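A short reminder: the numbers here are calculations on the coordinates, not readings from a lab. Not measured: the values here are computed from a predicted model. Please note: Cβ atoms are built from the backbone with ideal geometry, for glycine as well, and neighbour counts cover all protein chains shown.
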Amino acid sequence: MAGGAGYVAAVKLTREGEVVLSTAWLAGVLPNLVCAAVVPLAPLLSRRLLSGRDFLWMTLFTAIGLCLYEFTQVWMPRRTFDWDDVVATAVGAMVALVLGAGFFLLTGRKSAEPTAAPDPAGR
């Protein structure tokens, strides 16, 4: 998949030896990229402790949902399926995984269970 993403990026960014970044192409893939990267990170802002496993599941389900939506556009009127959106979703999910892993490493969170409170009676 990474090789395919690299090929798509190379084709989109270069034409006849000069670097060209089409704003129409960027506007087409940016929503999938941002959604796949931001939605899994949103629960990390809440007060609820989120485990690493929950974060992985959320990232996976976000990416699967966006890809399924992209594939169902084949049967929707006035919608177009685009492999670039699927690749942007995968890249966004990878960005979310890297940022989430950094968050869990920096905060030291490992599980969703809060630590036991000390006994006020001193026992």
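Data table
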item: By average C-beta atoms within 10 angstrom, highest first, the peptides 87-100, 44-57; result: 87-100, 44-57
item: Environment charge at M76 (Cβ cut-off 15 Å; Lys +1, Arg +1, Asp -1, Glu -1); result: -1
